[in-house]
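Remarks on the structure that follows.
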2 protein chains.
Amino acid sequence: MTELEKGPQGLRRGRGARERILGACRQLFRDQGINRTGMDELCAAAQVSKRTAYQHFAGKDELVAEYLRQFDPDVMPAVFDNTDLSPRERLLAAFELPASGTGELTPMCPYIAAAVELHDPEHPASRYARDYKNAIAARLADTAREAGAANPEQLGEQLALLLDGAAARTRVLNTESFPTAAAIAAVLIDNALPATAGDGAKTTVG
Amino acid sequence: MTELEKGPQGLRRGRGARERILGACRQLFRDQGINRTGMDELCAAAQVSKRTAYQHFAGKDELVAEYLRQFDPDVMPAVFDNTDLSPRERLLAAFELPASGTGELTPMCPYIAAAVELHDPEHPASRYARDYKNAIAARLADTAREAGAANPEQLGEQLALLLDGAAARTRVLNTESFPTAAAIAAVLIDNALPATAGDGAKTTVG
DNA sequence: AGCTATGTACACCGATCGGTACCAGTCTGG
DNA sequence: CCAGACTGGTACCGATCGGTGTACATAGCT
């Protein structure tokens with residue numbers, strides 16, 4: 001499988017087949033879900049023969065896993081690596097990013113969607129979804145620590161839960177729920193950060 | 001379809017076919033998901049012939065919708081109709097109920113799971129999932145109003161988001177997330193209820 | 001007795017699933 | 001020029017999908 005990427009000059013010709021397949025995944029999996037998207041349809045959308053698709057990916061399971069891995073490998077760099085924002089602003093920015101710009105709904109978090117659709121915790125895509133969610137919580141906790149939160153791990157886990165709640169709720173209700181999550185996040189952050197605007201109340205429930 | 005339930009003495013014989021089918025739905029849909037459960041397998045588990053199943057339900061779509069409708073038609077009565085608890089305690093109880101008792105994880109909220117798996121907002125089951133989620137938020141808002149919250153609708157929506165976040169996160173991470181949601185809920189409730197204890201004090205509202 | 005309604009058992013339908021085999025074309029480096 | 005890797009196109013595989021048709025067994029009511 002290593003030759004796939006670093007072949008001396010091997011597959012330089014059909015350049016982009018792999019990317020086209022993953023691009024088709026992003027569109028079709030978002031529009032109609034993973035289970036309802038067949039390999040035939042997917043290959044047709046990618047303008048790639050099934051033969052080629054199965055030469056790049058061992059099977060649909062591996063393709064789904066790779067689709068998730070390619071989705072946001074750096075874990076929201078636009079939020080967490082933005083040095084123009086203070087740590088506190090970065091925490092809040094995580095809730096404003098997804099809903100930015102277009103008037104359409106924030107698409108369902110693909111990691112949650114994959115875990116629910118595949119329904120097997122040991123599926124490679126489910127495993128990666130877990131890793132990604134842990135990574136998000138860790139970055140939130142790091143930023144919370146940087147902001148001076150009393151209990152950064154707890155705040156990170158709480159904010160991560162808000163993100164997932166907004167994603168799930170947006171999908172079920174067909175209504176944007178990230179503003180609600182952002183409002184809760186503001187309260188939690190104010191309560192956890194001592195120097196900022198919050199009052200003295202710090203009821204950290206163990 | 002009216003004769004199905006109220007036939008004078010019609011289907012008294014095979015009593016329970018419908019209930020057995022729905023019971024099999026609850027188990028199989030929870031254990032392996034909706035899409036991965038075929039009608040053959042479902043009928044076998046219910047000890048019902050496919051012919052009978054399709055006499056009770058127009059199709060799998062309608063069966064899934066009915067499965068959701070039967071799940072919690074009264075919208076958590078054990079929480080919201082419990083007169084032994086104060087309104088504030090009822091709001092908190094909504095987060096302790098699902099994880100109670102057994103050592104296993106809280107199962108994924110079937111409404112979210114159905115909406116994600118079916119992936120069609122106009123599917124009858126997706127429509128009902130939306131109705132149910134709105135009903136939960138409404139009951140939470142009513143209870144928040146009863147507890148004297150400044151903005152009960154907002155608090156209800158926030159608490160509903162926490163429930164959904166805990167459900168989604170529990171599923172993805174394979175780790176119980178309701179305690180985290182309960183901790184956030186406690187903060188939100190304390191912040192929204194004026195008369196009650198702002199900090200650790202426990203003066204329950206009358 | 002019949003009659004009707006409901007049930008089971010089981011074969012069967014077309015469609016679609018994930019995945020593979022085969023062939024012909026096309027580009028590559030030697 | 002030619003071997004070989006890689007491609008698209010397409011037919012095909014077995015399995016499973018949701019759903020139906022047919023034949024026969026029970027049950028209750030008249």
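The values are calculated or read from the model by the stated rules, or taken from the named source; none is laboratory data. Note that the structure is predicted; figures quoted are calculated from it, not measured. Don't worry about glycine lacking a Cβ; one is built from the backbone with ideal geometry, like all the others, and counts go over all protein chains shown.
Within region B:31-53, residues that are under 25 Å from A:A115 (Cβ atoms) and within 14 Å of chain A (Cβ to nearest Cβ) have Cβ atoms under 8 Å from residues that are more than 13 Å from DNA strand C (Cβ to nearest atom) and part of a loop (DSSP other than H, G, I, E, B) in these pairs: B:Q32/A:H119; B:G33/A:H119; B:R36/A:H119, counting only partners at least 6 apart in sequence or on another chain. The C-beta contact set for region A:60-87 (first residue over 25 Å from A:E41 (Cβ atoms), second residue away from DNA strand D (no atom under 16 Å from the Cβ) and part of a loop (DSSP other than H, G, I, E, B), distance under 6 angstrom, 6+ apart or interchain) comprises A:V79/A:L97; A:P87/A:A147.
Looking at A:E104, A:E122, A:E89, A:E117, can you tell me which residue is crowded, with 22+ Cβ neighbours inside 10 Å and out of contact with any strand residue (DSSP E or B) (no Cβ under 9 Å at 6 or more places or on another chain)?
On the way: A:E104 fails: crowded, with 22+ Cβ neighbours inside 10 Å; A:E122 fails: crowded, with 22+ Cβ neighbours inside 10 Å; A:E89 fails: crowded, with 22+ Cβ neighbours inside 10 Å.
The match here is A:E117.
Taking (1) assigned to a loop (DSSP other than H, G, I, E, B); (2) small (G, A, S); (3) buried (at least 22 other Cβ atoms within 10 Å of the Cβ) in turn, B:G148 satisfies each apart from (3).
Listed here are the residues, each with its yes/no results for (1) in contact with a Lys or Arg (Cβ under 7 Å, 6 or more places away or on another chain); (2) within 11 Å of chain A (Cβ to nearest Cβ); (3) in a helix (DSSP H, G or I).
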position: B:P107; (1), (2), (3): yes, no, no
position: B:R130; (1), (2), (3): no, yes, yes
position: B:L140; (1), (2), (3): no, no, yes
position: B:A181; (1), (2), (3): no, yes, yes
position: B:D190; (1), (2), (3): no, yes, yes
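Within the set A:A195, A:A186, A:A181, the sole residue that is closer than 25 Å to A:V116 by Cα and either at pLDDT 95 or above or surrounded by fewer than 24 Cβ atoms within 10 Å (Cβ to Cβ) (or both) turns out to be A:A181.
Looking only at region A:8-35, residues that are assigned to a helix (DSSP H, G or I) and at pLDDT 85 or above come to 15 in all. The lone criterion from (1) within 16 Å of DNA strand D (Cβ to nearest atom); (2) surrounded by 14 or more Cβ atoms within 10 Å (Cβ to Cβ) left unmet by A:A58 is number (2).
Residue count for region B:151-174 under the criterion of being touching a residue at least 60 places away in the same chain (Cβ under 8 Å) and surrounded by fewer than 24 Cβ atoms within 10 Å (Cβ to Cβ): the result is 1.
One residue alone among A:V79, A:V75 is in a helix (DSSP H, G or I), of a type in the set (A, V, I, L, M), more than 16 Å from DNA strand D (Cβ to nearest atom) and under 26 Å from B:T170 (Cβ atoms), and that residue is A:V79.
Do we find that A:Y67 is part of a helix (DSSP H, G or I), among the aromatic types (F, W, Y) and within 12 Å of DNA strand D (Cβ to nearest atom) in this structure? Against the criterion (part of a helix (DSSP H, G or I), among the aromatic types (F, W, Y) and within 12 Å of DNA strand D (Cβ to nearest atom)), A:Y67 does not qualify.
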